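Have a look at the structure below, then the notes.
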Amino acid sequence: MERPTPEIHDSIDHLFRQHAGQMVAVLGRIFGFGRLEMIEDAVQDALVAALRRWPFSGSPANPRAWLIEAAKNRVLDRLRRESKFEAPPPEEDTPAASINDDLLFEKEIGEDQLRMIFACCHPAISPDSRVALTLKAVGGFSVREIARAFLSNDEAVAKMRTRAKQRLIAEGVQLEMPPPAELPGRLDAALRVIYLMFNEGYGASAGDDLIRADLCFEAIRLAEFLARHPATASPKVHAAAALFLFQAARLPARVGDTGELIVLADQDRSRWSSDLIARGLRHFRASAAGSEITSYHLEAEIAALYTLAPTLAETDWHRILECYDALQRRSYSPVAELNRIIVIGQIHGPERAITELSSLAVTGDIAKYNLFHITRAHFLESRGDVTGASEALRTALEMTENQAVRRFISSRLDALQPVTPV
């Protein structure tokens, strides 16, 4: 039998990544939130079946429908074995009847995902548990990816997710819109989930690719759905959508032809997406309604200042620093502080930035984050400390799983090594 090509496996994995959350949401509506664990297992089984079958038989006409139907049948099989579910008659259990084109319309998929997000963001569990549970159920994240988002470890995240699911099942949580009194809190948790989903896509924690555009654009799709939905449309949702769109506009220039990272200073700004920038500006204007200013507003303004500047030199660094100062006063974040220090280095030079980085390193786990050491290496090199910069890059390399970032770090290390005369 002919062996499947890596390209076919990659295309199936991409499809699964793009639709895993949608599949869980659709099946959650069919079978109920109480069977979430079973649904997630069935979705994984559907991927395995696709990996085994499609490379040899070819992809079906509607791959997403095939995956949902395959996962649905696996849930039905398990429920029949457990004698806990009366299956519908065979004529009602066909792909044409249960997974039809109408079901796959974006609006209906969006409604299913919205209900799943709000179920996972129930107030009966802690804020971090809401985020971890939703990232897995809606975003298709692995435990390792969630741990990275929390700057935590795999075991702690796995236990947190298990406890959260058990608590919600015990509470009898249903897939439905929350009552008006609970909506604001659950919307905040939902936005945080979508934010982390976008961030993982913008800088993938592992794998061969620097970015995972499917995650970025899934986050944008969900944010814009929330911005249109009458129950969730609000200025802060528009601000989040604007932030994602401004960031995504730069994606085409962020990766080179061979997959290498291209930093902001070296990006070809003519490759930035004018369409995404225009959409971002529309949401940014809509976010100005009312008097509330949220962290999403401030981050969207920072992204707009970067994206709308004609050149790096013409970037309004002082206003960006003011936005970061305001962000940190609202809710301190070591990652935001790292970005703030990068701006300080642009304004005040490498010595000030290095001093700030040294102070930041002793305040928490940020020194376990590869970008901390990449940033430190940049400023050490700017100061002329090639040895220190090399050591920082080697440390960053040790804690980096993403292959594109590893190649970037290695290229920077090579550039720092003195050339030996021959």
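Computed from the coordinates by the stated procedures, all read-outs in this text should not be read as laboratory data. The structure displayed is predicted, hence computed values, not measured ones. Methodologically, a virtual Cβ is constructed for each residue, glycine included, from the backbone with ideal geometry; neighbour enumeration extends over all protein chains shown.
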* Gain upon complete extension [residue 77, residue 268; 0.36 nm per residue less C-alpha separation] -> 63.5 nm
* Asked: Using a Förster distance of 30 Å, how high is the FRET efficiency between residue 144 and residue 282, based on the Cβ-Cβ distance and rounded to 0.05?
  -> 0.25
* **Volume in Å³ per residue [convex hull over Cα atoms, computed for segment 364-403]** => 63 Å³
* To do: Largest first and in whole Å, give the semi-axes of segment 120-210's equivalent ellipsoid, each being the square root of 5 times a Cα gyration tensor eigenvalue.
  => 24, 15, 10
* Return the long-range amide H neighbours of residue 255 (sequence gap of 5 or more, or a different chain), with a cut-off of under 5 Å between placed amide H atoms. => 262
* **Relative packing of 191-199, 228-236, 40-48, which averages over residues the other C-beta atoms within 10 Å, highest first** => 191-199, 40-48, 228-236
* Asked: Gap in Å between the Cα centre of segment 236-287 and the Cα centre of segment 21-61?
  -> 32 Å
* Asked: Based on the Cβ-Cβ distance from residue 163 to residue 365, what FRET efficiency comes out when R0 is 30 Å, to the nearest 0.05?
  -> 0.85
* Asked: So what's the back-of-envelope 222 nm ellipticity for the chain, counting only DSSP H runs of four-plus at -39500 (n - 2.57) apiece and dividing by all residues, rounded to 500?
  -> -22000 deg cm²/dmol
* Asked: What list of ³J(HN,Hα) couplings, whole Hz, do you get for segment 358-372 from phi and the Karplus terms 6.51, -1.76, 1.60, once you set θ to phi - 60° and write x for glycine and proline?
  -> 4, 5, 5, 4, 9, 9, x, 9, 4, 5, 8, 9, 4, 5, 4
* Any idea how far apart residue 305 and residue 61 come out in nm if each label point goes 7 Å out from Cα toward Cβ? -> 5.4 nm
* Whole-Å semi-axes of segment 356-422's equivalent ellipsoid (Cα gyration tensor) -> 22, 16, 7
* To do: Would you please calculate the Kirkwood hydrodynamic radius of the chain over all C-alpha pairs and express it in Å, rounded to one decimal?
  => 23.3 Å
* Interchain or long-range residues, amide H under 5 Å from residue 140's placed H -> 21
* Multiply the residue separation of residue 358 and residue 414 by 0.36 nm, subtract the distance between their alpha-carbon atoms, and state the gained length in nm to one decimal. => 17.7 nm
* To do: Could you pull out every residue, at least 5 positions away or on a different chain, whose amide H is within less than 5 Å of the one on residue 125? Hs are placed 1.01 Å off N in the peptide plane, and Pro or chain starts have none.
  => none
* Asked: Based on the mean of other beta carbon atoms within 10 Å per residue, what is the order of 176-187, 238-249, most packed first?
  -> 238-249, 176-187
* **Point-to-point label distance, residue 293-residue 41, nm (Cα→Cβ direction, 7 Å offset)** => 5.1 nm
